[in-house]
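Quick notes on the structure that follows.
The values are calculated or read from the model by the stated rules, or taken from the named source; none is laboratory data. Owing to the predicted nature of the structure, the values given are computational and were not obtained by experimental measurement. FYI the Cβ positions are ideal-geometry reconstructions off the backbone, even for glycines, and counts take in every protein chain you see.
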Amino acid sequence: MLPILIVGAGPVGLVLALALIRRGIAVEVVEMLPELSTEARASTFHPRTLEMLAEWDVLAPLQKAGFLVHRLQYWERATRQKVAQFDYRLIANDTPYPYRLQCPQSTLTRILKPIIEASPLAKVHMAHKLVNFVDDGDGVTATVETADGLRQLRGRILCGADGSRSDVRKTLGIGFQGKTYEDRFLLAATNIDFAPIMPDFGPVAYVFDPQEWVIVLHNPGVTRIVFRLREAEDELAVQAECAIRERIDHFLAQKADYRVNGTWIYKVHQRVADQFYKGNVVLLGDAAHINNPMGGMGMNSGIHDAYDLAGHIDRVMHHGASLPHALADYERVRRAFAMNDVQLTTDKNYHDMSATETDYRQRRNYEFATAAADPRLAREFLLRAAMLEERIKDEG
Ligand SMILES: Cc1cc2nc3c(=O)[nH]c(=O)nc-3n(C[C@H](O)[C@H](O)[C@H](O)COP(=O)(O)OP(=O)(O)OC[C@H]3O[C@@H](n4cnc5c(N)ncnc54)[C@H](O)[C@@H]3O)c2cc1C
């Protein structure tokens, strides 16, 4: 039987590979980079994702490497007041994992790759760049560029988990509509200990501000601080050590002792592919949808795509289901989730962070505080943030 070809060894491609081999399905993964990416991107794993990782037996090493967060905070920068705090213990009856796990996505990919490579059902080809593919109806022949020249690989289905600039999506001619935000995100990796500076500040805090909102995310051994970067700000100038320190000290309202271990700038988009499949070729993860990182839903929803897609491929490969029907089902559910849930939630999260209108800001603070103070509303809020709503709805 032909294997499933997966393009991209990011978190989503590798999770799909693992989910398929766990179901006894052979896979070949091609990744253009010689080594797994180390870029500072996702660091939040939500409870629904932790449930999936547990099903695939890879949660324990990730938990060991990560940092458990039991409360989620929202602050107002101007007043330095906490607006709301949500305690994950309120969803302890809804999930075995009532917390966020903070850990870089590059830790997950480094846990997954050796497990996948150890399986007789899997091959992972690094430094293999997909350059073209032909779908003949019975399968897909992919052409990949390697240091030794071009190579061809053949699979039953080709899965594009090749990120936001997806060559798979472009080759299929599928549109990727949406918008790009004017603001960029400036991420600084530091070793700041907030405890002596702001003792009430939790390990994950979203700080509202109409001029310069801030997100603080503790990860093992590193405190990430994300700032809004406005249109006029120069990327080189803002990343100079003295400029970063000035920005951080201004946020802390004092000069503190810390190291800045790295900075990154990101442009941020909201886009969803017009179609999630064509013939025997299917898109998932950032190749299919991208969103701003407010709320940490990009990688998480990509992992949920992989979970869903692996179930459909299993029904095709082992239970005689029709591939077009399976992929149409996959697209119906996952595209609707990307459009109606992730895009709307992350866009609202973004607006909440940066809103300038006084009425809106007052209403936002009132609504957050009211929800946090009412256990029923707080549970609903947390189920949404934990990306558990869908599963709970499906279970009736
Ligand atoms: C600052 C920041 C913070 C974020 N925080 C969060 C968060 O906390 N939680 C969250 O859920 N999401 C977050 N995200 C989003 C998250 O990083 C992405 O959604 C996630 O990386 C998508 O994974 P992926 O595997 O689909 O794509 P990618 O991680 O982009 O992986 C794609 C892979 O495909 C490879 N590739 C590309 N083209 C080819 C080709 N032609 N041939 C072979 N290989 C190819 C690439 O080299 C890459 O390794 C954040 C993003 C940013 C920028």
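Residue-by-condition table, conditions (1) under 24 Å from the mean Cα position of the chain (by Cα); (2) of a type in the set (D, E); (3) assigned by TED's automatic domain parsing to the domain that holds G13:
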position	(1), (2), (3)
G295	yes, no, yes
G298	yes, no, yes
H304	yes, no, yes
Y330	yes, no, yes
Y366	no, no, no
F381	yes, no, no
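Is it the case that I91 is touching a residue at least 24 places away in the same chain (Cβ under 8 Å), among the β-branched types (V, I, T) and assigned by TED's automatic domain parsing to the domain that holds P293?
Against the criterion (touching a residue at least 24 places away in the same chain (Cβ under 8 Å), among the β-branched types (V, I, T) and assigned by TED's automatic domain parsing to the domain that holds P293), I91 does not qualify.
Just for strands (runs of 3 or more DSSP E) wholly inside the stretch 18-96: which have at least 1 residues that are within 15 Å of the ligand (Cβ to nearest atom)? Give the steps one after another, and end with the answer.
Values: elements: 27-30, 67-69, 71-76, 81-87.
Hits in the stretch 18-96: 27-30, 67-69, 71-76.
For the stretch 151-173, the condition of being among the hydroxyl-bearing types (S, T, Y), more than 14 Å from the ligand (Cβ to nearest atom) and outside any loop (DSSP other than H, G, I, E, B) holds for none of the residues. Every listed requirement among (1) modelled with pLDDT under 95; (2) not assigned by TED's automatic domain parsing to the domain that holds L158 is met by N340 save one, (2). Comparison of I111, I116 shows that the only residue that is within 20 Å of the chain's Cα centre (by Cα) and in the same structural domain as T171 (by TED's automatic domain parsing) is I111.
Would you be able to say whether some residue in the stretch 203-222 is of a type in the set (D, E, K, R) and under 25 Å from G10 (Cβ atoms)? Please lay out each step first, then the result.
Within the stretch 203-222, the subset of a type in the set (D, E, K, R) is 209, 212.
With under 25 Å from G10 (Cβ atoms) added as a condition, the list becomes none.
Checked against the condition, which is being of a type in the set (D, E, K, R) and under 25 Å from G10 (Cβ atoms), the stretch 203-222 yields no hits at all.
Give the stretch 1-17 a look and list any residue that's buried (at least 24 other Cβ atoms within 10 Å of the Cβ) and not in a helix (DSSP H, G or I), or say none. Give the derivation first.
Within the stretch 1-17, the subset buried (at least 24 other Cβ atoms within 10 Å of the Cβ) is 4-17.
Selection gives I4, L5, I6, V7, G8, A9, G10.
Does the stretch 97-109 hold any residues that are in a loop (DSSP other than H, G, I, E, B) and within 14 Å of V69 (Cβ to Cβ), and which are they?
Step one: of the stretch 97-109, the residues in a loop (DSSP other than H, G, I, E, B) are 97-99, 103-104.
Within the stretch 97-109, Y97, P98, Y99, C103 qualify.
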